[in-house]
Amino acid sequence: MTSSGRNRPSLVAENRYTSRQAPKKAAPKKPTPPKKRRTSGGGRPPRRPRGPIALVRGLIGWIFGLIWRVVWRGILIVSLIIGASVWYTASNLPNASDLIDGRARGSVTMLDRDGRQFAWRGDQFAGAITAASVSPNLKNAVVATEDKRFYWHLGISPRGILGAIRSNLRDGNGALSGSGGSTITQQTAKLLCQGQPFDATLWQNEAAYEADCRKTTLWRKITEAVYAMAMEATYTKDEILTIYLNRAYLGAGTRGFEAASQRYFGVSSSQVTPAQAALLAGLLKAPSSYAPTTNLQRSWDRASVVIGLMEDQGYITAAQARDALTNPAQIVASAQGREGGYFADWVMDTGPSYFTEDTTEDVIIRTTFDPYIQKSAEEALAWIFENKVREGSEAQAAIVVMSADGAVRAMVGGRQLTSGGSFNRATQALRQTGSLFKPFVYAAALELGHSPNELINDEPMCMNIVGSGAWCPQNYDREFKGQITLTQALRESRNIPTVLLSEAVGREAVRNVANGFGLTAELAQGPALALGVSESTLLEMTGAYAGILNGGSSVTPYGLVELSLRRNPGVPLMGSGGGIGERVIREESDRKLIWMMNQVVENGTGGRARIDGWQIAGKTGTTQGARDAWFIGFTADYVTGVWMGYDNNEKLTEVTGGTLPAEIWHETMTRVLTNMAPAPLPMITPDANSGGLVMTDDEAQGLIQMILRELQGQSN
């Protein structure tokens, strides 16, 4: 077996398939050439890193891949959310015309006696304007200053936002503090509070509402951007600009460029020059700081920057820019709002609150105000304090000028001129009237049949006042003249004869006359009533003297002539609430009183008020301790009252009603009466033979004893 096996040939594939055809051999595969690897020097390819380096690289690549996948998916999701938010916001936006005026409160515009605007209260809105109706100068100035890419962006400007953030950080502020980089559309969104209306239950007032809307937070900037893009998707560019031009606050209580143009320049926004347009557009940065009524030079400096921007962007030529810089915009005199500020405050206080302080409408009030007379009074007061009052004095003064029917023409409530809101000494200060009250005593006597030429005693006297002891009135000069006429007693403002006369005719009669002429405060009950120990305001006392001028009828001072709404100016809703009322004393008695008061100016304590060629009647007043000094006088045309004193009731030094107050009156009326023809006073000169004694010495003493018994009986 062994040998036979050893000689057998080897078993190969061919032999295994002896009974079948042997399979064909497959053609050998051509080997695939290896991929060439990049090498840095053309030599052998670098080896693939292995170990920790490969692990770190792989981990970093995975992380970046994950971040990229998260980022682009996040961007897609955020874009979808923003798109949906913009679509939803845009679908709920109202018509552009409904967004022109969104004020919660209305305004009050006051017109003087000639129909010229002179005072404003509340946020002024002078009517809707459009981007097409305003002057191209104004439109271009706003775009050049606030958003030069306004007509190309979609509501936001990423370049502007990044630039603002960079500027804020460079200035050491927070990213959102300082420049905002907002487009005009974003600013409009902010003015609209992103569509959230004022709600009195959420905000104390409209100012708090607007302050809240102006707060800058990251979330507020995001929602503002969404609202801006929604506006761009809904409104045209000019519609957005129209809303902006009407809603922007431009200082001095003006809302919108039409109100600001009329306030500062007295022209419509369709008529402004490049210089005026630059000043208005410059206010947008900081309305209160750059308002020309606050600091005109600062306003001009800001306007020069705007003019440069307009020139750089091709809106005006170099020649126009030079002209605008050489001739900056001038504001009208009434723009300061200080003209008649005290008067305007008084009108607001006297009108119904639902048409003044709390109005939701735009109200127009035609008034009795005369700017020329107002200027005369202001200049007179300033001249007296500059030339006749010691420097540094804190003494105050007030002036009221009115016609005989009570129409107030001018009012100065203090030395500091104001645009409103200050303490008004003409209407709010209750002060003792002193001898200014005496004409009412003499009016009562004349009404009871006494004559200006009747005699009365001017001798020392004392009265025992229950609870106070002896009361011995004195004359200002500490002298006694014996028997004198009633006219002399009033002319020289003598106290003792006036007290005796008051007691003779009866205090009740005196009070009735004073009340009838408009003195509403509670009047003194004792004999000192005759010497003006009761309090009143300058306006009230001037109105009482107007009643004397007009023939003896009561007068209610008034400033409001007619009130209407701006949307319906031809229909007055209310008229004057003042004027001449009921008769207080007979016309004959009144004309005699005017003659007696004329003697006060011609030959008595009011001599410093005299004006050559004019008949003037009046009365001085100085209170006990010289804490108040008054002079009220009148011509045939005007009644003017002057008060002087300290707010803290300090004593005046060497001042009586016949000194500085009479001089203020003289300076005021000298200016007022310029170019006017003198007119005679409506007075009756008494017959020189008329008269007699009001009372003899014995009668006077008997009267005193009767008063004492009456007072004693009341005490028991």
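Nothing in this text is a laboratory measurement; each read-out follows from the coordinates by a stated rule. Quick caveat: nothing in here was measured; it's all calculated off a predicted structure. Positions of Cβ are generated from backbone atoms using ideal geometry, with glycine treated the same way; all protein chains shown enter the neighbour counts.
Starting from the stretch 565-600, pick out the trypsin sites (Lys or Arg not before Pro) whose DSSP state is loop and whose Cβ has at most 10 other Cβ atoms within 10 Å.
Numbers: sites: ARG566, ARG567, ARG583, ARG586, ARG591, LYS592; in loops: ARG566, ARG567, ARG586.
The qualifying sites are ARG567.
Pairs exceeding 18 Å between alpha-carbon atoms, taken from LYS375/LYS651; LYS139/LYS285; LYS215/LYS285; LYS148/LYS237: LYS375/LYS651.
Extension gain, GLU587 to THR217: 0.36 nm times the residue separation minus the Cα-Cα distance gives 125.9 nm. Note that the stretch 579-588 has calculated 3J(HN,Hα) couplings of x, 7, x, 6, 6, 9, 10, 5, 4, 4 Hz, one per residue in order, obtained from phi through the Karplus relation 6.51 cos²θ - 1.76 cosθ + 1.60 (θ = phi - 60°); glycine and proline are x.
When a/c reaches 1.5 or more, the comparison of a/b and b/c decides; with that in mind, is the stretch 214-290 rounded, prolate or oblate per its Cα gyration tensor? Spell out each step's value before the answer.
Working: a/c = 2.90, a/b = 1.65, b/c = 1.76.
Oblate, since a/c reaches 1.5 and b/c is not below a/b.
The H on the amide N of GLN396, modeled in the peptide plane, is under 5 Å from the matching H of GLY645, TYR646, ASP647, each at least 5 residues off or on a different chain.
At most 13 other Cβ atoms within 10 Å and a DSSP loop assignment: could you name the GluC sites (Glu not before Pro) in the stretch 622-680 that fit?
Numbers: sites: GLU650, GLU654, GLU663, GLU667; in loops: GLU650, GLU654.
Here the sparse-neighbourhood loop sites are GLU650, GLU654.
Here the simple spin-label model places points 7 Å from the Cα toward Cβ, and for ARG610 and LEU202 these points are separated by 7.2 nm. Annotation: amide H-H contacts under 5 Å for ILE632 (H modelled 1.01 Å from N, sequence separation of 5 or more, or interchain): LYS619, VAL642. Couplings 3J(HN,Hα) of the stretch 630-638, computed from phi: 10, 8, 10, x, 8, 9, 6, 10, 9 Hz, in residue order, whole Hz [Karplus 6.51 cos²θ - 1.76 cosθ + 1.60, θ = phi - 60°; x for Gly and Pro].
In a DSSP loop and with at most 15 other Cβ atoms within 10 Å, the chymotrypsin sites (Phe, Trp or Tyr not before Pro) in the stretch 613-665 are TYR646.
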